[in-house]
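To keep things clear, I will list the structure first and then write my remarks on it.
Read the figures in this text as sums done on the coordinates, not as results from a lab. Quick caveat, the model's predicted, so the values are computed rather than measured. Here the Cβ positions follow ideal geometry from the backbone for every residue, glycine too, while neighbour counts run over all protein chains shown.
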Amino acid sequence: MGLAFRLALICKNQHHEQFLDAPEGRATRKRPGLERMSAACPCGRIAAHPAKPAKAAQPQPLPFSACCGPYLNEKIPAPNAEALMRSRYSAFVLERADYLLATWHASTRPATLDFAPGAKWLGLDVRSHCLLDADHAEVEFVARCREGGRATRLHERSRFVRASGRWFYVDGDQF
Ligand SMILES: [Zn+2]
């Protein structure tokens, strides 16, 4: 396991609590009960084609239900390495060790995962997604978190492999 993911393991995102514990009804005026799935995805992916152009022309984040949610909750395979990388970031935010282990290639997968408390994820920036061949890809990203009042920046190029139609995280190099 690379340093990056050891670093990542010590980070815990407060979005987790906000996301899971958001009171029903808050900011959900029309359709109560759907807030969790309609909340912005932790990975921060922006809608490519907003359904209705915002007056302020602000980019609209995709809801969890239209982004990483189906991969984490419905066992739908991520269609490409970037989607898998984003869903793994969301899984770190949501402390979904089961998903992280299930999407980690068996050759490099740790036996267990622990999420150390006290840190907060601040966001993900996917810098590039490079398909090397049909079954190998690299994704470069920067993830930021804060722990103990100190900001940490994780810049990694991760390697992914596709096996039996599913993408898996293998390992990565830090910058
Ligand atoms: Zn997402």
Cα centroid separation - region 87-165 against region 66-81, whole Å: 14
Other-chain or far-sequence residues with amide H under 5 Å of residue 167's (modelled H): 78
Around residue 128: net Lys/Arg minus Asp/Glu count, Cβ-Cβ under 12 Å: -3
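Working from the pairwise distances between different alpha carbons, so that the mean of 1/r is found and then inverted, what is region 105-175's Kirkwood radius in Å? Mind dumping the intermediate values first?
Working: mean 1/r = 0.0728 Å⁻¹.
Result for region 105-175, one decimal place: 13.7 Å.
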Residue 41 long-range amide H proximity, modeled H, under 5 Å: 62, 64
Electrostatic dipole magnitude of region 102-164 [Cβ: Lys, Arg +1; Asp, Glu -1; Cα centre; debye, to 20]: 280
For region 69-148, convex hull volume per residue from C-alpha positions, Å³: 104
Phi-based couplings in Hz for region 78-89 (Karplus 6.51, -1.76, 1.60; Gly and Pro marked x): 5, x, 7, 5, 5, 4, 5, 4, 4, 5, 6, 4
